[in-house]
Amino acid sequence: MDEQRVLVLGGYGAFGRLICESLVGAGVGIVIAGRDAAAARDLAAKLGPYARSARIDLQSPSLAREIAAIRPLLVINTAGPFQGRDYAVPRACVANGIHYVDLADGRAYVAGIGELDADARAQDVLVTSGASTCPALSTAIVDDIGRGLRLDAICFGIAPGLRQARGPATARAVLARKIHEHV
C-alpha cells in the first residue's frame, strides 16, 4: 500500500468521487470518508487496493481524533456545502500537522480561512480553501482578462457541469448562494 495517504471527506459525492478516482489512478493511497459508511465502503471496493473507507461525521466531538487516527498526509474536504460551516475540519488538521485543502465556494468561509494561517505556519502545514472552479478558477480568469481595466462590478453565474452528476451538496450550495445574493 502506498504510504501517501490522502483522506477525502465526502469522497463518495459528485466531486469527491472524481478526486478519489484520479488519486487512485495515480497510485496514491486514499481513505474515502463521510457520514455514509456504506457509500464510502462501496466506492473503496470499486476503486481497489489503493482505497480504504472510514466513517467520519464532521459534527462529531471526536473529529480531530478520528482524523488523526487515519494518519493522512493530506485531507481534501469535498463535503459541502460550506456556507455557514465552521473551521472544525481544518483546525483538526492543523492541530495534527496534516495538510488541508477544500473545495469550498462559500465566500465567507473562503475569506475567513486566513484566521488559521499563524497556527498552520507554526505546524508547517498548508491550509487552502476555495480550490474549486468558483472562486479559484473564476478569480484567475478575472485577474487575467481584467489587467489594465477598471472593474466596478462582476456578474457571473454558476452551473454544475452538464455531464457530471450533481449531488445534493451542490444543489444546496447553489441555492444558498442564490438566496443569499437576493436577500
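The values are calculated or read from the model by the stated rules, or taken from the named source; none is laboratory data. What you see is a predicted model; the values in this text were computed from it and never measured. Cβ placement follows ideal geometry from the backbone for every residue including glycine, while neighbour counts extend to all protein chains displayed.
Just checking, which of 40, 79 is crowded, with 20+ Cβ neighbours inside 10 Å, within 13 Å of residue 103 (Cα to Cα), touching a strand residue (DSSP E or B) at 6+ places or on another chain (Cβ under 6 Å) and of a type in the set (A, V, I, L, M, F, W, C)? Give the steps one after another, and end with the answer.
Values: 40 fails: within 13 Å of residue 103 (Cα to Cα).
Step by step, each of 40, 79 is checked, and only 79 is crowded, with 20+ Cβ neighbours inside 10 Å, within 13 Å of residue 103 (Cα to Cα), touching a strand residue (DSSP E or B) at 6+ places or on another chain (Cβ under 6 Å) and of a type in the set (A, V, I, L, M, F, W, C).
Which strands (runs of 3 or more DSSP E) sit wholly inside the stretch 1-106 and have at least 1 residues that are free of Cβ contacts under 8 Å to residues at least 24 places away in the same chain, farther than 19 Å from residue 127 by Cβ and among the basic types (Lys, Arg)?
On the way: elements: 6-9, 30-34, 51-55, 74-77, 99-102.
Qualifying strands (runs of 3 or more DSSP E): 51-55.
For residue 74, state whether it is surrounded by fewer than 20 Cβ atoms within 10 Å (Cβ to Cβ) and in contact with a Pro (Cβ under 8 Å, 6 or more places away or on another chain). Lay out the reasoning, then the answer.
Details: surrounded by fewer than 20 Cβ atoms within 10 Å (Cβ to Cβ): yes; in contact with a Pro (Cβ under 8 Å, 6 or more places away or on another chain): no.
Taking the combined requirement at face value, the residue does not satisfy it.
Pairs, please: C-beta under 8 Å, at least 6 apart or cross-chain, first residue among the small types (Gly, Ala, Ser) and in the stretch 135-164, second at pLDDT 70 or above and surrounded by 10 or more Cβ atoms within 10 Å (Cβ to Cβ)?
Going by the 8 Å Cβ cut-off, the qualifying pairs are 136/130.
Considering 110, 31, 101, which residue is among the hydrophobic types (A, V, I, L, M, F, W, C), surrounded by 15 or more Cβ atoms within 10 Å (Cβ to Cβ) and over 16 Å from residue 10 (Cα atoms)? Don't jump to the end; show me each part of the working.
Values: 31 fails: over 16 Å from residue 10 (Cα atoms); 101 fails: over 16 Å from residue 10 (Cα atoms).
Criteria check complete, one pass: 110.
In the stretch 12-28, which residue that is in contact with a helix residue (DSSP H, G or I) (Cβ under 8 Å, 6 or more places away or on another chain) and either modelled with pLDDT of 95 or more or not small (Gly, Ala, Ser) (or both) is surrounded by the fewest Cβ atoms within 10 Å (Cβ to Cβ)? Spell out how you get there, then give the answer.
Initially, the stretch 12-28 is screened for residues in contact with a helix residue (DSSP H, G or I) (Cβ under 8 Å, 6 or more places away or on another chain), giving 12-15, 17, 20-21, 24.
Remaining after also requiring either modelled with pLDDT of 95 or more or not small (Gly, Ala, Ser) (or both): 12, 15, 17, 20-21, 24.
Values: 12: 23, 15: 25, 17: 22, 20: 29, 21: 16, 24: 22.
Of everything passing the filter in the stretch 12-28, 21 is surrounded by the fewest Cβ atoms within 10 Å (Cβ to Cβ).
Could you list, in sequence order, the residues of the stretch 125-152 that are at pLDDT 80 or above and closer than 25 Å to residue 20 by Cα?
Once the filter is applied, which keeps residues that are at pLDDT 80 or above and closer than 25 Å to residue 20 by Cα, the stretch 125-152 yields 125, 126, 127, 128, 129, 130, 131.
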